[in-house]
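Below is one structure; the comments refer to it alone.
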Amino acid sequence: MERWLALELASTIRHDGDDGVADDLASVEGVTRWVEAQAESLSGQVRIRELSVDEALRSEIVALRQAVRALFARAVSPAPPSPADARRLMPAEEALAYLNSVAARESVVPQLDWPSDGTPAVRLVSAEGDPAVRLVSAEGDPAVRLLAALARAAVDFLSGPHRDRLRACSAPRCVRYFVKSHGRQEWCKPSCGNRARAARHYQRQRQASDGGPAAS
């Protein structure tokens, strides 16, 4: 299943399984667990073993998430945004400026790759020269590299083809964004679809018992 780092960041705000919203980044320990879970996506960009999460870094990641979710809300408009933060979204222009400023904290450069038996192409590698990863960077602070990598992932997502398929799940109590994988998909996962259908059925039954018109 395809994963997008920007969507993973936005999804750290989620339904808590009851009637509220859980925040996976609410503590330094939570951020540490989340970053470690993104090791594959961050490979070559961040030396996770050298990263020490503190409250300052946690706050910056949360602020970046706020900007990403504001831009996700802009992407799904005119459809409603996620209800988790619909009433307190960062203004889109402010979110855009913040995202770009964080992405610019790490200076990166491309390298030309021209094999003797092939054609020249841009090869994006790490400072260590690993051709399997993306960037050449002289930045030594892993926290800066993490924040910039998260911001670049959001830039890539929002400037790419997946943005047009981004949706806010409409199931009751769900606050997730998701990338629509087929034409009739309305919910982020089957359990949300089951909950939405159950809610619709309950509403039809209630309207019928009240003598009102049944919902279609």
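The values are calculated or read from the model by the stated rules, or taken from the named source; none is laboratory data. Keep in mind it's a predicted model, so treat the numbers as computed, not measured. Don't worry about glycine lacking a Cβ; one is built from the backbone with ideal geometry, like all the others, and counts go over all protein chains shown. Note: accessible area is taken over every heavy atom of the protein model, side chains too, but ligands, DNA and RNA are not part of it. Shrake-Rupley method; radii C 1.70, N 1.55, O 1.52, S 1.80 Å.
Read phi for every residue in the range 99-105 and hand back ³J(HN,Hα) as whole Hz from Karplus 6.51 cos²θ - 1.76 cosθ + 1.60, θ = phi - 60°, with x for Gly and Pro.
Those phi angles translate into 4, 5, 5, 5, 4, 7, 5 Hz.
If I stretch the segment between Arg3 and Ala92 completely, what's the gain in nm (0.36 nm per residue apart, minus their alpha carbon distance), one decimal? Numbers along the way, then the final one.
Working: separation 89, 0.36 × 89 = 32.04 nm, distance 2.43 nm.
Full extension from Arg3 to Ala92 adds 29.6 nm.
With a 1.4 Å probe and all protein chains in place, put Thr12, Thr32 in order of accessible area, largest first.
Descending order: Thr32, Thr12.
Just order 60-70, 14-24 by mean Cβ neighbour count inside 10 Å, highest at the front, would you?
Put in order of decreasing packing, that is 60-70, 14-24.
Take the alpha-carbon centre of the range 1-15, take the same for the range 27-98, and report the distance between them in whole Å.
Between the Cα centres of the range 1-15 and the range 27-98 lies a distance of 9 Å.
Could you sort 153-159, 34-40 so that the peptide with the highest average Cβ count within 10 Å comes first and the rest follow in order? Write down the numbers at each step before the final one.
Values: 153-159: 18.7, 34-40: 14.3.
So the order, starting with the most tightly packed, is 153-159, 34-40.
Which peptide among 140-152, 79-91 comes first, and what is the full order, when sorted by highest mean count of other Cβ atoms within 10 Å?
By packing density, highest mean first, the sequence is 140-152, 79-91.
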